[in-house]
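The values are calculated or read from the model by the stated rules, or taken from the named source; none is laboratory data. Everything numeric here is computed off the predicted structure, so don't read it as measured data. Here the Cβ is made from the backbone with ideal geometry for all residues, glycine too, and neighbour counts use every protein chain on show.
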Amino acid sequence: MKIQIENIGCKVNMVESESIAELFQQRGHKIVKRGADVVVINTCCVTTEAEAKSRQAIRRALKNGSEVAIMGCYGQLSPDELKQMGVRVIIGTAQRQSIVDKVEAMVDEPKVELTAYDKIFGETEKVTIPELATEYEELPHTPSKTRAFIKIQDGCNGGCTYCVIPTVRGKSRSRSLESIKKECKQLSKYKEIVLTGINLGMYGKDTGSSLADAIKTVLSSTKARIRLSSINPNSMTDDIIELLRDKPRLCKHIHIPLQSGSDAVLEMMHRPYKTADFKQVVERLKSEIPKITIGTDVILGFSGETLPMFRETMKFLEEMPIDYMHVFGYSPRPGTIAAEMTQIASQKKKARVNYVISLATKKNLAYRQSLQGKKVEVLTEVKKGGYTEGYSGEYVKVYTEDDVPLNEIVKLKVVEPFKDGVLGKVDN
């Protein structure tokens, strides 16, 4: 069969989509970008926008005459809704190894067309909610990008009042160090490896190891540079900070979610830290690793966020040496505690988001300007529009007009801010 894999959502979903493509190829099926017999959609439900994108992708595939198979978080959360849309194969966030068997069986089984009467008055079969995984699910994985993302953790033990992820992903589960080491050995051609997970800082809590152990394992198993994805401030332990400081191949870049600069809002969110914890970690990182890039996430207009609380967040963000921000308006998720709390008017929420986006834009421009004249090591990824593009170890997008090879780490000197990154030149 011709199989199209469509991914919606986070980097973890991207890795899982690559694994599913590999499973289909192992069975002799062909992965295509269009004209598929079956479209497999790896869905997301972290926000209402992500759910909407998942539904749009399903409707588009069905309209084009393809069969549709669903996996991922939205499949775990709302299987009944998906079946009513016409989806015949629904897998959640576990037992993904079975997807090829289920898709093959679906294609072999004739589709039953319901009459208009049946659609309105007929009995509807209740879809069983897919079981959640209790152990880490090993999947084959060959990265499709220049940078290799390695998933080492799944699930979350957190109890954030706004989040459905623990409901759809289950408890935190860690990949074994031996399995991580084995995959790294197979990735010798990659110049950068990114460690990712649903809640990366929880790695090892269920196995007696730690994220620092996983980082050391990867460093000893590959010659590539290593990048960490998002880690909460309460998970930024001394040994992780020391590794970031002392290991040259560990990229000087870290993403630390804040969500709010008001302790009152963090308490309503049930976040496991206070603003003082975030501040302490960020200031220590900037002090011990001056060249490090620090990014964060911020949610505005959370349930019960008053104007003084918002102003606290603005003041805190202005004071913090943050280099880039991902800014979101709060999106109520049905079934969560926060969805039942007092909601902020959409106009107020939008205004608050715009204020913080403006601040984030200024901070990021100032950071990129501070790089002028400095040398950076860039992994070149694509040639486009007369420029070669790639990311530095500090996670700054670098453009150059110079003739440099692709999929290599090249040293460039920053000339000036350019587009969403900086312009670089070969430093002779």
Problem set entry | Candidate set: segment 203-218, residues that are without any contact (Cβ under 8 Å) to a residue 60 or more places away in the chain and in contact with a strand residue (DSSP E or B) (Cβ under 6 Å, 6 or more places away or on another chain); chosen: the one surrounded by the most Cβ atoms within 10 Å (Cβ to Cβ) | Tyr203
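For every residue, the table says whether it meets (1) touching a Ser or Thr at 6+ places or on another chain (Cβ under 8 Å); (2) surrounded by 13 or more Cβ atoms within 10 Å (Cβ to Cβ); (3) free of Cβ contacts under 8 Å to residues at least 40 places away in the same chain.
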| residue | (1), (2), (3) |
| --- | --- |
| Lys348 | no, yes, no |
| Ile357 | no, yes, yes |
| Gly385 | no, no, yes |
| Glu394 | yes, yes, no |
| Tyr399 | yes, yes, yes |
| Val410 | yes, yes, yes |
| Pro417 | no, yes, no |
| Leu423 | yes, yes, yes |
For this session: Report, by residue number, each residue of segment 399-421 that is among the charged types (D, E, K, R) and closer than 19 Å to Lys223 by Cα.
Result: Glu408, Lys411
Exercise. Here are some conditions: (1) touching a His at 6+ places or on another chain (Cβ under 9 Å); (2) part of a strand (DSSP E or B); (3) not assigned by TED's automatic domain parsing to the domain that holds Leu244. Gly390 meets all but one. Which one does it not meet?
Worked result: (1)
Problem set entry | Matching residues, segment 270-307, being farther than 12 Å from Asn232 by Cβ, among the charged types (D, E, K, R) and either loosely packed, with under 14 Cβ neighbours inside 10 Å or in contact with a strand residue (DSSP E or B) (Cβ under 6 Å, 6 or more places away or on another chain) (or both) | Glu283, Glu288, Lys291
Problem set entry | segment 223-255: number of residues that are assigned to a loop (DSSP other than H, G, I, E, B) and out of contact with any His (no Cβ under 6 Å at 6 or more places or on another chain) | 12
Exercise. Can you pull out the residues in segment 149-183 that are among the polar types (S, T, N, Q), modelled with pLDDT of 95 or more and under 16 Å from Ala94 (Cβ atoms)?
Worked result: Gln153, Ser172, Ser174
Exercise. Among the residues of segment 170-183 satisfying the criterion of being over 14 Å from Val15 (Cβ atoms) and of a type outside the set (Gly, Ala, Ser), which is surrounded by the fewest Cβ atoms within 10 Å (Cβ to Cβ)?
Worked result: Glu178
Exercise. Given the conditions (1) part of a loop (DSSP other than H, G, I, E, B); (2) out of contact with any strand residue (DSSP E or B) (no Cβ under 9 Å at 6 or more places or on another chain); (3) surrounded by 17 or more Cβ atoms within 10 Å (Cβ to Cβ), and given that Glu312 satisfies all but one, which numbered condition is not satisfied?
Worked result: (1)
Seminar exercise, completed: By residue number, the members of segment 52-91 that are in contact with a Cys (Cβ under 7 Å, 6 or more places away or on another chain) and of a type in the set (S, T, N, Q) are Ser54
Exercise. Of all residues in segment 315-335 being modelled with pLDDT of 95 or more and part of a loop (DSSP other than H, G, I, E, B), which is nearest to Leu365 (Cα to Cα)?
Worked result: Asp323
